[in-house]
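Working notes for the structure below.
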Amino acid sequence: MQLVRGLHNVQPAFAGCVATIGNFDGVHLGHQKILAALRARSQALGLPSCVIIFEPQPMEFFRPELAPVRLTRLRDKLELFAAAGVDRVLCIAFNSRFQHMSAQEFVEQVLVRALGVRHLQVGDDFRFGCGRSGDFAYLQQAGQQHGFTVEPTCTVTLDGQRISSTLVRQKLVEGDFAAVKRLLGRPYCIQGRVLHGQKLGRQLGVPTANIQLKRRHAPLRGVYMVAAHLADGRVLPGVANIGMRPTVEQQNEIAHLEVHLLDFSEDIYGQRLVVEFHRKLREEEKFATLAELQAAIEQDIALARKFWLIA
Ligand SMILES: Cc1cc2nc3c(=O)[nH]c(=O)nc-3n(C[C@H](O)[C@H](O)[C@H](O)COP(=O)(O)O)c2cc1C
Ligand SMILES: Nc1ncnc2c1ncn2[C@@H]1O[C@H](COP(=O)(O)OP(=O)(O)O)[C@@H](O)[C@H]1O
């Protein structure tokens, strides 16, 4: 899969593709249905498939304070697109130029001139362009004019609810990981590199792999049972905290993800860890002493042992 960053990097030779556009945050089952339809069209027409995404996402550009917490970072999305058989990803930097672009300009400049789109696969509620003026009816009309077809992908529901990034976020907050897994078609994961922390963990008898959260907010807060995928393919049970660590830090603006792997004592600094979330144990607390924090973590570990049936 090829990643093209910015419209200016689209080569003239790219002309001719089947495409879709969206944020694809979470790459949930609804998104996956669009990607599957895109792939089928790509094979039927013998043209490469292209996913057009924006980074930052438009809402993050317009109203950063109101933009919902991301489920997937660019890197996560790219891995999931590749797994869905996407040939190319065009990642457009959303900026004031795009903010003011009308639906017509977007179609002409991006879809027609830059990409030579021959078929567009969209979600049935897709809207785009300045003031969200472009909708499915507009795209169909523009397609007739410029020689591309447009197909809507029907809403995917689960238990009568429309699958959406918002619903996934809601289920994460509720700690309903079984529902999250059914919405995503895979367990919810956060991945990142193991960084050096304050070296307090090993003093407490619970070394923790600290994983940098790239964004200020994570869609989860609290203490969880997890399974961690190591770079060498091992999958180990563990307990994790996502939060501000109020017991050991006075002021902390960025949430930390820390994972203690059960029955493990290797050095994994610098490794990439994929942390799969399975069950919420409790909220993060501010303890009066380190001894109380240690006791709480030991209790978390005991619960995780029971959950994973480890003696
Ligand atoms: C399972 C687990 C639960 C935790 N719960 C809390 C908590 O409730 N409150 C808190 O302030 N810190 C909590 N922490 C974070 C610890 O404060 C932190 O891991 C410890 O201070 C070690 O920091 P270090 O890795 O930077 O050395 C928890 C960590 C783990 C692994
Ligand atoms: N059971 C374990 N779970 C997580 N990390 C472990 C474990 N055993 C050893 N480690 C290693 O120790 C480091 C964590 O030790 P810790 O004292 O908490 O230091 P830091 O504050 O740098 O995270 C991890 O990054 C990892 O390399």
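Bear in mind that the values in this text are calculations on the coordinates, not laboratory data. Note that the structure is a prediction, hence the values are computed from the model and not measured. Heads up, the Cβs are rebuilt from the backbone with ideal geometry, glycines too, and the neighbour counts pull from every protein chain shown.
Using only the Cα atoms of the range 2-153, build the gyration tensor, take square roots of its eigenvalues as a ≥ b ≥ c, and label the shape rounded, prolate or oblate: rounded if a/c is under 1.5, else prolate if a/b is larger than b/c, else oblate. Could you put the intermediate results ahead of the total?
Working: a/c = 1.39, a/b = 1.11, b/c = 1.25.
In terms of gyration-tensor shape, rounded.
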(message) At a 10 Å Cβ-Cβ cut-off, how would you order D232, D76, fewest neighbours first?
(response) D232, D76
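Viscosity 1.002 mPa s, temperature 20 °C: Stokes-Einstein D of the range 1-81 from its Kirkwood Cα radius, in µm² per second? Display every interim value, and only then the final one.
On the way: Rh = 14.0 Å.
Rounded to a whole number, D works out at 154 µm²/s.
For each of C154, C189, count neighbouring Cβ atoms within 10 Å of the residue's Cβ, then give the residues from fewest to most.
Details: C154 10, C189 17.
With the sparsest Cβ surroundings first, the list reads C154, C189.
Report the local net charge at P48: Lys and Arg +1, Asp and Glu -1, summed over other residues whose C-beta lies under 14 Å from its C-beta. Provide the component values of the computation, followed by the final result.
Details: positive: R39, R41, R88, R118; negative: D87.
Spelling it out: positives minus negatives among the neighbours equals +3.
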(message) Place a point 7 Å from the Cα of A67 along the Cα-to-Cβ direction; which residues of the range 5-49 have their backbone N under 17 Å from it?
(response) 6, 22-27
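Gain in length, R282 to N252, computed as 0.36 nm per residue apart minus the alpha-carbon separation, to one decimal in nm?
Numbers: separation 30, 0.36 × 30 = 10.80 nm, distance 2.01 nm.
Contour length minus the Cα-Cα distance gives 8.8 nm.
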(request) Please report, in debye to the nearest 20, how large the charge dipole of the range 2-153 is about its Cα centre when each Lys and Arg carries +1 at its beta carbon and each Asp and Glu carries -1 there. (result) 240
(message) If the only charges are +1 at each Lys and Arg Cβ and -1 at each Asp and Glu Cβ, what is the size of the charge dipole of the chain around the Cα centre, to the nearest 20 debye?
(response) 360
(request) Could you please state, rounded to a whole Å, how far the C-alpha centre of the range 50-118 is from the C-alpha centre of the range 157-197? (result) 22
(message) Running a GNM on the chain with Cα contacts under 10 Å, which residue among A227, A209, A83 ends up with the highest mean-square fluctuation?
(response) A83
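If you average over every viewing direction, what projected area does the convex hull of the Cα atoms of the range 124-272 give, in nm²?
Details: hull surface 53.5 nm².
Answer in nm², one decimal: 13.4.
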(request) List nothing, just return the count: lysine pairs in the chain, 8 or more apart or interchain, with Cα separation under 20 Å. (result) 10
(request) Using only C-alpha atoms and all pairs of different ones, pull out the Kirkwood radius for the chain in Å with one decimal. (result) 21.3
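Would you calculate the convex hull of the Cα atoms in the range 187-307 and tell me its volume per residue in Å³? Walk me through the numbers before you get to the answer.
Details: hull volume 12.0 nm³, N = 121.
Expressed per residue, the convex hull around the Cα atoms of the range 187-307 is 99 Å³.
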(message) Based only on other Cβ atoms within 10 Å, what is the fewest-to-most ordering of Y138, Y188, Y269, Y224?
(response) Y269, Y138, Y188, Y224
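What's the FRET efficiency of A13 with E55 using the Cβ-Cβ distance as r and R₀ = 22 Å, to the nearest 0.05? Kindly include the intermediate steps, with their values, before the conclusion.
Details: r = 24 Å, r/R0 = 1.07.
With a Förster radius of 22 Å, E is 0.40.
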(request) Please work out the FRET efficiency for the pair E105 and E174, using the Cβ-Cβ distance as r and a Förster radius of 45 Å; give the result to the nearest 0.05. (result) 0.60
